[in-house]
Every structure is written in structure tokens, then in C-alpha cells.
Amino acid sequence: MPYENEHDTAKLLRECDAGIKMGITSLEDVIPKTADPQLEKILKQGRQEHIRLRAETERQLNQLKDKGKSPTAMAKSMSSLKTQLTMKSGHDTDAARLVTKGCEKGIGSLNKYLDKYHYADEKSKHLTNELIAAEQQLVSELDTFRK
């Protein structure tokens, strides 16, 4: 079981790493296109929380001597294109909906990975749950801007 534990821990952390990197990039793409100062503040706080969680993910990966995982080039390109097309109109409602969809996709993926890598250690599971909570918090804070 020790091998399965370390294997699942590394896999779970890699998925968190890739998702966090994708989230940070998406937030950085959207923030300059927002007009409402309150929305910008919420998005910047979300980005800061993702940066904090990325540092913790990297710390745990380093303990395993693992380099982590980046989002695929295709995923990054598709995300960037979707952001550009969605934000062409420049509406804050579009920005809030775009970020919300990304968060919801991330939450779904993270829950799937928690189930898939059930032998992962408690620290990595806790980190994954922190990331899920951060995504849920961001979705909640964006609620008024999606209407």
C-alpha cells in the first residue's frame, strides 16, 4: 500500500497543479478586461488564493521529488481563445460567467480525481479540498455579476 499511496498522492497533486495553473492564467486573462472595480477585486483575490494554493502544491510535489504538471497546450489554447471570444464584447457579466464555468469544471474534475486517487495521503486530499473550496467561494462571490 505505501507505493499506491505515494503514486496516488503524486497523481492527485499533479492534477491540482495543472488545474491551478490553468485557473491563474484564465484569471489573468480576464482581469484586465473587467470594468467593475468590485469584480476586478474579487477576481484578483481569487487569483491570489490560487497562487497561494499553487505554492503549497509545489511544496508537496517537491517533497515527492515530482515536477508537477502543466495544462496541455491544447487546453491552454482553447481556454485563451474562449476568453478572447467571450470578452470581445467586454461585458462584466460575460467575465463572471466565463470564470464561473471554469471553476465549475475545475470542481467537477477535482472531485473526480479525489475519487480516482483515493489512496492519496491526507495532506494532498486536504489541499484538493481547499482548492475546491476556493473555487466554490469564487463562484459564490461572482453570483451577483452573472445576472
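General remarks:
- Residue tally, condition in a loop (DSSP other than H, G, I, E, B) and touching a helix residue (DSSP H, G or I) at 6+ places or on another chain (Cβ under 9 Å), over the stretch 1-45: 3
- Selection of first residues in the stretch 33-48 that are farther than 9 Å from F145 by Cβ and at pLDDT 95 or above and of second residues that are basic (K, R) and part of a loop (DSSP other than H, G, I, E, B), restricted to Cβ pairs under 7 Å at least 6 apart or on distinct chains, gives an empty result.
- Condition met for E135 (surrounded by 16 or more Cβ atoms within 10 Å (Cβ to Cβ) and at pLDDT 85 or above): yes
- Condition check for K125: farther than 28 Å from I31 by Cα and in a helix (DSSP H, G or I): yes
- Of the numbered criteria (1) under 15 Å from the mean Cα position of the chain (by Cα); (2) modelled with pLDDT of 95 or more; (3) crowded, with 17+ Cβ neighbours inside 10 Å, the one S79 fails is (2).
- Residue match in the stretch 47-66 (condition: over 24 Å from A10 (Cα atoms) and part of a loop (DSSP other than H, G, I, E, B)): no
The values are calculated or read from the model by the stated rules, or taken from the named source; none is laboratory data. Remember, predicted model here, so these are calculated numbers, not experimental data. Reconstructed Cβ throughout: ideal geometry from the backbone, glycine too, with neighbour counts over all protein chains shown.
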